[in-house]
Amino acid sequence: MGSFTCCIWWLIFGVLLGWLLSWWLSKAFGNKASESRQSDSNAIVDEPPSLRETYFSESPPARTVAPTVMSRADMVRAASAAGISFSGKKNDLEIIEGIGPKIAELLNNNGIHTFAELGSASIATLDLVLEQGGDRFKLANPSTWAEQAQLAAENKWADLKALQDNLDGGIRNS
């Protein structure tokens, strides 16, 4: 029991010494680190809130999609008949293969809410949105999203289903 008590005192001494050293270093160098963090946070705040304003206002979209006017019930019936699981929510971007709930939320936060908007977005714009979203979106490949969204905006559900049958995670099968 005596050797155990000896070890406990050395452990307590080491913890106190580490805490004291940490406190002293934070007092000596703490202001410089907080200034650096403040400048980093200012750089983040200065970024534009929406990519849509920047990329859709500078140049016209590459292609325009004229959405077909269709009631929600007709849209759900047509999508179901083509074999597409449709929640009935208008412009549910999760219908697009390769887009899940998190990517749909990211697109919505960056001003892309409808199939027509997604259909007219360039791949470079979509890549930039994904890059801004962070590392978790690095694996997403938006190469076919605009084509799929254009078909959905035009209510061509059978064509969309045929295209999606040739995709794997939103990427064309070789």
Residues being among the hydroxyl-bearing types (S, T, Y) and under 21 Å from the mean Cα position of the chain (by Cα) - total across region 142-174: 2
Considering each of I112, I123 in turn, give the residue that is at pLDDT 90 or above and over 21 Å from D168 (Cα atoms). I112
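With the requirement that a residue be surrounded by fewer than 21 Cβ atoms within 10 Å (Cβ to Cβ) and without any contact (Cβ under 8 Å) to a residue 40 or more places away in the chain, what does region 95-104 give you? Quick ask: steps written out before the conclusion?
The initial filter retains those residues of region 95-104 that are surrounded by fewer than 21 Cβ atoms within 10 Å (Cβ to Cβ), namely 97-98, 100-102, 104.
Correct list: G100, P101, K102, A104.
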Name the single residue that is surrounded by the most Cβ atoms within 10 Å (Cβ to Cβ) among those in region 105-147 being part of a loop (DSSP other than H, G, I, E, B) and β-branched (V, I, T). I112
In region 148-170, what residues are free of Cβ contacts under 8 Å to residues at least 40 places away in the same chain and either surrounded by fewer than 14 Cβ atoms within 10 Å (Cβ to Cβ) or part of a loop (DSSP other than H, G, I, E, B) (or both)? K156, A162, D165, N166, D168
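The values are calculated or read from the model by the stated rules, or taken from the named source; none is laboratory data. This one's a predicted model, so the numbers in the text were calculated from it and none came from an experiment. Neighbour counts run over all protein chains shown; Cβ positions are idealised from the backbone, glycine included.
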